[in-house]
1. For an R0 of 45 angstrom, estimate the FRET efficiency from the Cβ-Cβ distance between residue 196 and residue 288 and round to the nearest 0.05.
2. Report residue 162's accessible area, 1.4 Å probe, all protein chains in place, as a number in Å² to the nearest 10.
3. Above 20 angstrom, tally the Cα pairs of segment 296-389 and express them as a % of all pairs, no decimals.
4. Using Cα springs under 10 Å in a Gaussian network model of the chain, which residue among 96, 310, 321 shows the largest mean-square fluctuation?
5. On the full set of protein chains, 1.4 Å probe, figure out the accessible area of residue 358 and give it in Å² to the nearest 10.
6. Per residue, how many Å² of accessible area does segment 295-441 show with a 1.4 Å probe?
7. Can you pull the percent of the chain's accessible area that's carbon plus sulfur, 1.4 Å probe, other chains left in place?
8. Calculate the spin-label point distance for residue 328 paired with residue 141, positioning each point 7 Å from the Cα along the beta-carbon direction, and give it in nanometres.
Amino acid sequence: MKALFSRKRASSMALAFALATGTALAATALIPAAASAQDDDGGGYSDEFRAAYVPLDEALKVEGADVSALRPQIDALIPLLGTNDEKIAGGGLIFNAGIASSDRALQLQGMELMLASGQVPVEQTGRYNFIAYQLANEANDYVKARRYLQGAIQYNFTTDTISAPDLQIAMAENFFAANELSAGYEFLAGAIANREAQNLPVEEQWYRRGVTVAYENESVPQVYDFTTMWLSAFPSADNWRDAVNLTRNLNDFQGPEILDLFRLSRRVGALQDASDYDYYVEAADPRRLPKEVKDVIDQGMASGIVSGDNLFITEALGIANGRIAADRRDLPALERDAMASGAGLRTVVAAGDAFLSYDDFAKSAAFFERAASMPGADSNLVHTRLGIAKIEMGDFAGAREVLSQVQGNRLPIAKLWIAYANEREATAAPAPAAPAAPATM
């Protein structure tokens, strides 16, 4: 069996944003001394601030200034930043000093001061928040980074290469990087749902990212929730195969579960290796379900995936061919026994299985519905197969209802079948309109 993803924890696939801090910002010019005495609004400049700021500003503007040598003066300026005017001016100076010295921590300190001043122009606030987010994120201060990323989103920050959806997935990545997985799943699922509700496109990467992180961390049921959303939006044969593989990798399935999983694989075109057919045939067993085994093997040989040199397959085909006629003759008696008022659970389930394998979905559904109400029934198995029969009958809502009742180790299988029901329903031809009533004279 091929594995979909490495089971080792992969590094966070953070969006590759270029750090947008390579250019110095114009610091706010100091206002004239005569105007700085007021300050009901928290503005103005103190004499202490001026005495520290002016010579430091001039020293930093000298070409080739040694920021490290001036660091004691920078550190002495910070406690003097009491008013909003002082924060915007001092923050700009500190940020620019950080640019000159490639000191990310200093850049972040300056940017935070400017944002705290409340005096960043509205049209630049999103950009400043985004820069602060990048710097905090680079420092692995995820809580702080998240706060500034939310500010960038709130102020609608975008560029030619950074879109609003990019910022949303960056928020999910922030949670994942901080190992706050539940919050990350919740945010990513909510962002997907929000875009879907607005009929906006959702990149496949969003779904796959949720699947990947949940798979690597064995987060259940989130891995299956994201898988279902992913398949509903991008139902390709390769995606279906990946979904089947991750489900098998995360679970220790036995024959009955493998059978229902590979029944789905067959319907979605995900049987792509000879080993897939070996697993399917072994789970179905030509002695129990000869018609289904023959159909599967014939399909594999017609596609060229299964070779006539495969002894296991050719022996199974021989057994199936030898049993089909007798198996068909036994169907009426099995149906009669299963319909009897005193029929046992085992007989009723056997009838449901038999008619499911012969594609008589209406009869199969009737027997599984009866089995579901009988004491001792394996509710998860019965509801899975009842859901399969209802999907094939075109009763997609009914299928989702019964499949949603499946729990335990069959839960992921049921979720995949729900995704298949969604796909079938989305592509089903609309019912023909009723003919118009004849006009009365």
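1. Given R0 = 45 Å and the Cβ-Cβ separation, E is 0.60.
2. Around 20 Å² of this residue is reachable by solvent.
3. That tail contains 47 percent of the Cα-Cα pairs.
4. Top of the fluctuation ranking is 310.
5. The accessible area comes out at roughly 30 Å².
6. 52 Å²
7. 52 percent
8. 7.6 nm
The values are calculated or read from the model by the stated rules, or taken from the named source; none is laboratory data. Since we're looking at a predicted model, the values are computed, not measured. Using ideal geometry, Cβ is built from the backbone for each residue, glycine included, and neighbour counts are taken over all protein chains shown. With ligands, DNA and RNA removed, areas are computed over all heavy atoms of the protein, side chains included. Shrake-Rupley method; radii C 1.70, N 1.55, O 1.52, S 1.80 Å.
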